[in-house]
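A.B. asks: Structure in structure tokens, see below.
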């Protein structure tokens, strides 16, 4: 395994896999899975995300560090707010909504995904990480926001980490991603720039006010999304850089 992955990373992965196992036999089995190309988080079964521990079950997307980075910024920004009504779209594992519900005092947190498997996993992660009181204010909804209408008027914070990878870029992804994670949660479809979900969001927000909308975007999409927003009349737009590459804007925030 050291030869396969490189010394430092391999030793860390071996240690993490062994820590997740109850027996040597289980460790050997899981290390074999990892050697075959199964992503580490699916082998171990979870991924830390802010203060939550998010269960990871294929094919639902594994939480990413760049997402964790901006969610941490969102939590810091709203830490003194006591009347948050949060909507998390394209929730996947629920990592964003669960982290917000766990860390902030929210009147309500609603997470939405079109995938039944993702909704089931988001429910599991909410139950594993939230208190009874927090769970009473947490809701999971299965819905396709591209084809179904959704009322955004009651929310003052909206987050979305949608499928945004283009067909061209999808072909260049690591085989672990393409082989194990849900293609529908990665591939945007629609136009060649991967903007279909952002166009839909901006359309749904055309009459909205008193909201912040945090949208994770692809490496080359931020300025395109900003242009779409300004064309629709959004004057106040904020960008957050990618934590690993300051030449990339990873999040577009609309102030409505």
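A.B. asks: Could you calculate the FRET efficiency of residue 154 with residue 23 from 1/(1 + (r/R0)^6), where r is the beta carbon distance between them and R0 is 51 Å, rounded to 0.05?
C.D. replies: 0.55
A.B. asks: Next question. Using only Cα atoms, figure out Rg for the range 153-204 and give it as a multiple of 2.2 N^0.38 Å.
C.D. replies: Computed over Cα atoms of the range 153-204, the ratio equals 1.33.
A.B. asks: Can you give the angle from 0 to 90° between the axis of helix 65-77 and the longest principal axis of the chain, with both taken from C-alpha atoms, to the nearest 10?
C.D. replies: With both axes taken from Cα atoms, the answer is about 50 degrees.
A.B. asks: Once both axes come from the Cα atoms, what is the angle between helix 116-129 and the longest principal axis of the chain, in degrees from 0 to 90, rounded to 10?
C.D. replies: It is inclined by approximately 80 degrees.
A.B. asks: At what distance in nm do the modelled label points of residue 175 and residue 238 sit from each other, each positioned 7 Å from its Cα along Cα→Cβ?
C.D. replies: The two pseudo-label positions are separated by 4.3 nm.
A.B. asks: Shifting gears a bit: Which order do peptides 76-82, 188-194 fall in by mean Cβ count within 10 Å, highest first?
C.D. replies: Packing order, densest peptide first, comes out as 188-194, 76-82.
A.B. asks: Same structure again: Can you tell me how much longer the chain between residue 35 and residue 182 gets when fully stretched, taken as 0.36 nm per residue apart minus their C-alpha distance, in nm with one decimal?
C.D. replies: Computed gain between residue 35 and residue 182 is 50.9 nm.
A.B. asks: Now for a different question. For the range 63-163, rounded, prolate or oblate, judged on the Cα gyration tensor with a ≥ b ≥ c (square roots of eigenvalues), a/c < 1.5 rounded, else prolate if a/b > b/c?
C.D. replies: On the way: a/c = 1.31, a/b = 1.26, b/c = 1.04.
Rounded, since a/c falls under 1.5.
A.B. asks: Can you tell me the relative contact order of the range 58-255? Whole percent, Cα pairs under 8 Å, sequence separation 6 or more.
C.D. replies: Details: 350 pairs, mean separation 38.5, N = 198.
After rounding, I find 19 percent.
A.B. asks: With springs only between Cα atoms under 10 Å, which of 128, 210, 46 fluctuates most in a Gaussian network model of the chain?
C.D. replies: 210
A.B. asks: Note the angle between two axes, namely the Cα long axis of helix 222-231 and the longest principal axis of the Cα atoms of the chain, as a number of degrees from 0 to 90, rounded to the nearest 10.
C.D. replies: Between helix and principal axis, roughly 20 degrees.
A.B. asks: Something else about it: Mark the label point 7 Å from the Cα of residue 230 along Cα→Cβ and return the residues of the range 192-212 whose backbone N is within less than 18 Å of it.
C.D. replies: Residues 199, 202-203 qualify, since their backbone N sits under 18 Å from the label point.
A.B. asks: Give, to the nearest whole percent, the P(r) tail of the chain beyond 30 angstrom, counting all Cα pairs.
C.D. replies: Tail of the P(r) past 30 Å holds 28 percent of the pairs.
A.B. asks: For the chain, set up a Gaussian network in which alpha carbons nearer than 10 Å are linked by springs, and say which option among 147, 232, 20 fluctuates the most.
C.D. replies: In the Gaussian network model the winner is 147.
A.B. asks: Let me ask something additional. For the range 214-256, what percent of Cα pairs sit more than 12 Å apart?
C.D. replies: For the range 214-256, the fraction of Cα-Cα distances above 12 Å is 53 percent.
A.B. asks: Among 25-34, 85-94, how do they line up from the highest to the lowest mean number of other beta-carbon atoms within 10 Å?
C.D. replies: 85-94, 25-34
A.B. asks: Length gain on complete extension for the stretch residue 85 to residue 10, per 0.36 nm per residue less the alpha carbon to alpha carbon distance?
C.D. replies: 22.8 nm
All of the numbers you see were taken from the coordinates with simple rules; none came from a lab. No experiment lies behind these values; they were computed from the predicted model shown. Note that we place each Cβ from the backbone using ideal geometry, even for glycine, and neighbour counts take in every protein chain shown.
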